[in-house]
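Please read the structure below before turning to the comments.
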Amino acid sequence: MTTAPPQARTHARTSTRPRALPTSPCTPACAADPGPTVDAATRRRRALRLAGALAGVAVAALRAPLAGTRGRRRLLTCASARVLTAAGVRVAVTSSPVAWPRTGANRGPGLLVVSNSVSWVDDLALLTVVPGLPVATTGLGGRPVLGGLLRRAGAVLVDPARPRSLPVAVGQVADALRGGATVSVHPEGATSCGVELGRFSPAFLQAAVDAAAPVCPVAIRYRVDGGAGTAVAGQPAGEPFLRSLARVLAARGLVVEVHLLPALDPAGADRHELAALAEYAVAAVTEARPPLVAAHPRRPRVPAPVQLHRGTVRAA
């Protein structure tokens with residue numbers, strides 16, 4: 001399998017592969033987006049709705065032990081949808097013309113969904129579009145409300161401060177894939193402003209190789225109503241969660257675009273090749289930035305899907 005090199009980035013890159021737990025070069029200044037905002041009354045209403053949604057998540061977390069595995073994952077999906085709705089965030093899905101393989105009992109291994117990482121909103125949006133097991137940090141898993149539901153739903157938790165725990169997490173993902181589960185992971189390893197794409201670490205791609213599971217790239221991009229791209233949802237490294245949450249609650253017409261790209265066959269490929277192919281597919285969408293002012297506000301500009309064929313990578 002041959003791969004095409006990813007497009008050039010503005011951030012400095014080295015010729016070596018990134019370490020297993022990379023960090024983002026972005027700073028909080030990257031997310032200082034002067035996009036449209038709502039008035040103070042709307043912010044208060046969203047905050048109240050969000051508090052109500054989180055209360056519902058807390059109740060779901062208490063009910064989780066009484067539900068089966070499938071029921072707990074359904075609770076996690078519903079909780080994610082409630083939080084997004086309360087925060088005033090819409091999800092727009094663009095599907096590839098090439099369907100993903102079907103998974104489930106007696107249908108072979110599950111799917112490893114790999115996507116770029118911009119914000120805490122990413123995981124909520126992905127759970128509403130592609131329900132499955134997320135790979136999350138122990139910090140998120142330790143939070144009192146959503147973290148408890150994540151743990152009970154079987155999410156795979158990784159401690160960024162302990163790189164030696166990574167092989168254990170990769171093994172857990174491989175076992176879940178062999179059992180037919182869908183698992184979502186962010187190979188960048190850190191959130192960013194969303195303007196530029198970081199390198200995809202190949203660590204969790206090894207789970208797909210071990211389980212012979214298809215790798216399904218997903219590109220996540222943010223815009224506001226009218227089509228203009230925005231970095232307001234980004235959560236750069238080191239930024240407090242509440243500050244990012246306040247920006248999202250204040251944004252007017254925030255839309256998270258979820259682009260489902262063609263699946264990659266792991267047969268005959270190693271984790272480095274799969275990581276490069278997935279990164280290239282996602283970059284073709286995230287780096288095709290929308291115009292600052294959309295010509296047709298009701299029909300936002302969406303780049304053509306990326307066609308991936310075994311042995312080659314090309315844009316449609």
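Checking each residue in the range 248-277 for being under 26 Å from residue 200 (Cβ atoms) and either touching a Gly at 6+ places or on another chain (Cβ under 7 Å) or basic (Lys, Arg) (or both) picks out 254, 271.
Checked against the criterion of being assigned to a helix (DSSP H, G or I), at pLDDT 65 or above, surrounded by 16 or more Cβ atoms within 10 Å (Cβ to Cβ) and among the polar types (S, T, N, Q), the range 68-80 contains one or more residues that satisfy it.
Only one of the listed residues (12, 4, 99, 8) is in contact with a Phe, Trp or Tyr (Cβ under 8 Å, 6 or more places away or on another chain), more than 22 Å from residue 223 (Cβ to Cβ) and either modelled with pLDDT under 65 or in a loop (DSSP other than H, G, I, E, B) (or both). That residue is 4.
With the requirement that a residue be of a type outside the set (Gly, Ala, Ser), closer than 27 Å to residue 238 by Cβ and either touching a Gly at 6+ places or on another chain (Cβ under 7 Å) or open to solvent by less than 10 Å² (accessible area, probe 1.4 Å) (or both), what does the range 174-186 give you? Correct list: 185 only.
Can you confirm whether the range 119-139 contains a residue that is open to solvent by 50 Å² or more (accessible area, probe 1.4 Å), farther than 22 Å from residue 233 by Cα and either modelled with pLDDT under 85 or part of a loop (DSSP other than H, G, I, E, B) (or both)? Checking the range 119-139: not a single residue is open to solvent by 50 Å² or more (accessible area, probe 1.4 Å), farther than 22 Å from residue 233 by Cα and either modelled with pLDDT under 85 or part of a loop (DSSP other than H, G, I, E, B) (or both).
For the range 50-58, the criterion of being modelled with pLDDT under 85 and within 22 Å of residue 265 (Cβ to Cβ) is met by none of the residues. The single condition among (1) in a loop (DSSP other than H, G, I, E, B); (2) modelled with pLDDT of 50 or more; (3) open to solvent by 20 Å² or more (accessible area, probe 1.4 Å) that residue 262 does not satisfy is (3). Considering the conditions (1) open to solvent by less than 10 Å² (accessible area, probe 1.4 Å); (2) at pLDDT 70 or above; (3) not in a loop (DSSP other than H, G, I, E, B), residue 110 is excluded by exactly one of them, (3). Only one entry in 233, 203 is of a type in the set (Gly, Ala, Ser), within 17 Å of the chain's Cα centre (by Cα), part of a loop (DSSP other than H, G, I, E, B) and closer than 19 Å to residue 157 by Cβ, namely 203. Exactly one residue out of 84, 54 is in a helix (DSSP H, G or I) and open to solvent by 40 Å² or more (accessible area, probe 1.4 Å): that is 54.
Quick grid of which residues meet (1) touching a strand residue (DSSP E or B) at 6+ places or on another chain (Cβ under 9 Å); (2) farther than 16 Å from residue 286 by Cα; (3) without any contact (Cβ under 8 Å) to a residue 24 or more places away in the chain:
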position: 212; (1), (2), (3): no, yes, no
position: 215; (1), (2), (3): yes, yes, no
position: 233; (1), (2), (3): yes, no, no
position: 244; (1), (2), (3): no, yes, no
position: 248; (1), (2), (3): yes, yes, no
position: 254; (1), (2), (3): yes, yes, no
position: 260; (1), (2), (3): yes, no, no
position: 264; (1), (2), (3): yes, yes, no
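Specify which of the listed residues (274, 245) is surrounded by fewer than 22 Cβ atoms within 10 Å (Cβ to Cβ), out of contact with any Cys (no Cβ under 9 Å at 6 or more places or on another chain) and aliphatic (A, V, I, L, M). Selected residue: 245, the only one of 274, 245 that is surrounded by fewer than 22 Cβ atoms within 10 Å (Cβ to Cβ), out of contact with any Cys (no Cβ under 9 Å at 6 or more places or on another chain) and aliphatic (A, V, I, L, M). Checking each residue in the range 166-210 for being among the acidic types (Asp, Glu) and closer than 24 Å to residue 286 by Cβ picks out 188, 196. Of all the numbered requirements in (1) part of a helix (DSSP H, G or I); (2) over 24 Å from residue 80 (Cα atoms); (3) at pLDDT below 90, residue 247 misses one, and that requirement is (2).
The values are calculated or read from the model by the stated rules, or taken from the named source; none is laboratory data. Remember, it's a predicted structure, so these values are computed and weren't measured experimentally. Here Cβ is always computed from backbone atoms with ideal geometry, including for glycine, and neighbour counts include all displayed protein chains. Accessible surface areas use protein heavy atoms only, side chains included; no ligands, DNA or RNA. Shrake-Rupley method; radii C 1.70, N 1.55, O 1.52, S 1.80 Å.
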